[in-house]
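A short write-up of the structure that comes next.
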Amino acid sequence: SGGPAPVSDTAAERSAASPEAPSLVLRGLDGGFRGIERRLRVGESVVLGRSRQCGFAPVIAIGGIGCETEVQRLRRMSREHARVSFCNLRHVEVEDLSRNGTLVNGQRVQRLVLDDLGERPATLELAGFRVLLQLWLPRSS
């Protein structure tokens, strides 16, 4: 009988679907990234940059105070500026994809594996725009 396919119920799929699953939170701190938040599950990655195709892209309000500075900074941001990958609960990889550089906690990086996000968040900087990287772990009951 041509009923629906059986639903897979692996532990990984339950974990990925659960709002209680661990996640890496990217939170825009200023400029065009302010107010933008994205959560990654283990195994996911996101590209940050000025292209609208990026999973994390700034929003620039035309005509606002300081708009010229925002536009100048945006011009220094690559279409695809950096990639953040949530490899596992101990390792988050940041990869610079730009010509103008990517900073993590004030240090320029090409590729960096962060292994202490559970203890303290990191700040990613792209062309002067800052994004907080923070590991979120559900409380154990």
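With respect to the conditions (1) touching a Pro at 6+ places or on another chain (Cβ under 8 Å); (2) at pLDDT 95 or above; (3) not in a loop (DSSP other than H, G, I, E, B), Arg27 falls short on a single one, namely (1).
Conditions tested, residue by residue: (1) in contact with a Gly (Cβ under 6 Å, 6 or more places away or on another chain); (2) more than 19 Å from Arg73 (Cα to Cα).
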{"residue": "Asn88", "(1), (2)": "no, yes"}
{"residue": "Val94", "(1), (2)": "no, yes"}
{"residue": "Leu97", "(1), (2)": "no, no"}
{"residue": "Thr102", "(1), (2)": "no, no"}
{"residue": "Arg108", "(1), (2)": "yes, no"}
{"residue": "Val113", "(1), (2)": "no, yes"}
{"residue": "Gly118", "(1), (2)": "no, yes"}
{"residue": "Glu125", "(1), (2)": "no, no"}
{"residue": "Arg130", "(1), (2)": "no, no"}
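Table: residues versus (1) farther than 19 Å from Arg38 by Cβ; (2) exposed (fewer than 13 other Cβ atoms within 10 Å of the Cβ).
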position: Met77; (1), (2): no, no
position: Ala82; (1), (2): no, no
position: Ser85; (1), (2): no, no
position: Arg90; (1), (2): yes, yes
position: Glu93; (1), (2): no, no
position: Val104; (1), (2): no, no
position: Val109; (1), (2): yes, no
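Among the residues examined, Gly43 qualifies as surrounded by fewer than 17 Cβ atoms within 10 Å (Cβ to Cβ), assigned to a loop (DSSP other than H, G, I, E, B) and in contact with a helix residue (DSSP H, G or I) (Cβ under 9 Å, 6 or more places away or on another chain).
As a summary of the residue check, Arg38 satisfies the conditions (1) at pLDDT below 95; (2) open to solvent by 40 Å² or more (accessible area, probe 1.4 Å); (3) of a type outside the set (A, V, I, L, M, F, W, C) except for the one numbered (1).
Looking at Glu80, is it in a loop (DSSP other than H, G, I, E, B) and either of a type in the set (D, E, K, R) or at pLDDT below 95 (or both)? Yes.
Within the set Pro4, Pro19, the sole residue that is at pLDDT below 80, closer than 20 Å to Arg90 by Cα, part of a loop (DSSP other than H, G, I, E, B) and of a type outside the set (A, V, I, L, M, F, W, C) turns out to be Pro19.
Starting from segment 85-99, take each residue that is without any contact (Cβ under 8 Å) to a residue 40 or more places away in the chain and list its partners that are open to solvent by 40 Å² or more (accessible area, probe 1.4 Å) and part of a loop (DSSP other than H, G, I, E, B), counting only C-beta distances under 7 angstrom and pairs at least six apart or across chains. Going by the 7 Å Cβ cut-off, the qualifying pairs are Arg90/Asp115; His91/Asp115; Asp96/Gln110.
The values are calculated or read from the model by the stated rules, or taken from the named source; none is laboratory data. Keep in mind that this is a model prediction, so the values were computed, not measured. Note that each Cβ is placed from the backbone with ideal geometry, even for glycine, and that neighbours are counted across all protein chains shown. Protein only, heavy atoms only, side chains kept; ligands, DNA and RNA dropped before computing areas. Shrake-Rupley method; radii C 1.70, N 1.55, O 1.52, S 1.80 Å.
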